[in-house]
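The values are calculated or read from the model by the stated rules, or taken from the named source; none is laboratory data. What you see is a predicted model, and the numbers here were worked out from it, not measured in a lab. Ideal geometry is used to build each Cβ from the backbone, glycine not excepted, and the neighbour counts take in all protein chains shown. Side chains are part of the model used for accessible areas, which takes the heavy atoms of the whole protein and leaves out ligands, DNA and RNA. Shrake-Rupley method; radii C 1.70, N 1.55, O 1.52, S 1.80 Å.
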Amino acid sequence: MIPLCIPNMAGNEAAYLAECVTSTFVSTVGPFVGQFERMVSKVVGTPASVATSSGTTGLHAALLAAGVQRDDLVICPTLTFIASANAIAHCGAMPWLIDVEKQSWCLDSALMAEALTRETEARNGQRYHIATGRRISAVLPVFTLGTPADMDAIVPIAREAGLAIVVDAAAALGASYKGRPSGALGADLTMYSFNGNKTVTAGGGGCITGEDESLVAKVRHLTTTARVGADYDHDVVGYNYRMTNLQAAVGCAQMEMLDTFIAAKRRIAADYRDGLKNLPDVSFFPDPAWGKNVYWFSGFFFQSDDGAERSRSLRAFLRESGIDARPFWKPMHLQAPYADAPRTSVEYAENLWQRVVTLPCSTHLSRQDQDRVMEAIRTWFRQEGR
Ligand SMILES: *Cc1c(COP(=O)(O)O)cnc(C)c1O
């Protein structure tokens, strides 16, 4: 089977792990954790970062540090991985689901502005959702597939409404927007994931970065049991969300490969675009001119009305040919835990997700294997396609 997206351990991973074992620094105290945080800060353009046990736990702590409280609403694109909505729910808050825009598959800023005008009111300097009576405390843009959302549009709308901004840039490490790195686009805090299927992995893990060092320090406090001083003194309910030195050792080795990995991801996407561009009814993933997309995933979607059915048929055919291919995120408004979450204009995402075909895109995918994938797709089009 040619897998969809698996880790590439071609660097110093084994050597750094051996250092952890030899030195006995396997837990959350150890030199690789700080080194990993500095490497991430440098890439994303922020003065400070906190490594966490996962992207989801990091996002939870980031939302709390940004001021999200129980019963609040947090604006969230409906097209995302469920971890974004779950982190909101872990705060006791609820997502307010809004559609993504066609050109980026990221939060639609115009819809968000409209929804804030039409569906909310200001009371004592806070913003409230009229239908549910809930306070709206933050917005959580997601950098879908490794491309930044239109932050120059989103940030002023959020600030005008008094909302905190926490970005889920889980798979967007190394991306940029109008020449600026993805951690320095006006958000309060930004999350990156180092889960096994991300371009750079730590086995599992996350990193929260921000331009305001005192806010990042607050995240660190929350993720390290909110301990004050050296004794058993804790000032709030904290969390054990730390990254271990073992994870960070793998993460540091992977970070050394970041540029190579991103170049591979972009080349793979370009080769699919080039090799499949003449197929009818096929559109490629969005790549807005405002940013550098790091192409976490490669693939395309069917435009036609029966696109969902065609995508299913092609994916089944590819799997029979020994090639892993999948749909994309099922939107949050269609997920059981968020059946009651408020939503505004979710049609584009609802129409899109089942038409998508994600294709093998591991950074060490060989040219030969990629040609095999494209040949199988052409065969399906000849047999079943139009
Ligand atoms: C991977 C991913 C996450 C979750 O990160 P974990 O490290 O697996 O907890 C969150 N949001 C998005 C958009 C992701 O792709």
*For the pairs K178/K277; K218/K330; K178/K330; K198/K292, note any where the Cα-Cα span goes beyond 24 Å.*
K178/K277; K218/K330; K178/K330
_Potential lengthening between R38 and A217 on full extension [0.36 nm per residue; Cα-Cα distance subtracted]_ = 63.0 nm
*Quick one: order W353, W380 from most to least accessible surface, probe 1.4 Å.*
W353, W380
_For the stretch 25-179, what does the relative contact order come out to in percent, with C-alpha contacts under 8 Å and a separation of six or more?_
21
*asked:* Could you tell me the relative contact order of the chain? Use alpha-carbon pairs under 8 Å, at least six residues apart, and round to a whole percent.
replied: 24
*asked:* Can you compute the helix-only [θ] at 222 nm over the chain? Use -39500 (n - 2.57) per DSSP H run of at least 4 residues, normalise by all residues, nearest 500 deg cm²/dmol.
replied: -11500 deg cm²/dmol
*Compute the accessible area per residue over the stretch 121-266, keeping the other protein chains in place, probe 1.4 Å, unit Å².*
38
*Segments 148-156, 7-15 sorted - mean Cβ within 10 Å per residue, highest first*: 148-156, 7-15
_Extension reserve of the Q303-E19 stretch, reckoned as 0.36 nm per residue once the Cα distance is removed_ = 97.1 nm
*Any idea how far apart Q126 and R70 come out in nm if each label point goes 7 Å out from Cα toward Cβ?*
1.4
*If you stretched the chain out fully between D371 and R180, how much longer would it get, using 0.36 nm times the residue separation minus the C-alpha to C-alpha distance?*
65.3 nm
*Rank-order 51-62, 122-133, 175-186 by packing density, defined as the average count of other C-beta atoms within 10 Å over each peptide's residues, highest first.*
51-62, 175-186, 122-133
_Stokes-Einstein diffusion coefficient for the chain at 20 °C in a medium of 1.002 mPa s, Rh from the Kirkwood formula over Cα pairs: what value in µm²/s?_
100
*asked:* For the stretch 83-161, what does the relative contact order come out to in percent, with C-alpha contacts under 8 Å and a separation of six or more?
replied: 25
*Ranked from highest to lowest mean number of other Cβ atoms within 10 Å per residue, what is the order of the peptides 136-146, 23-33?*
136-146, 23-33
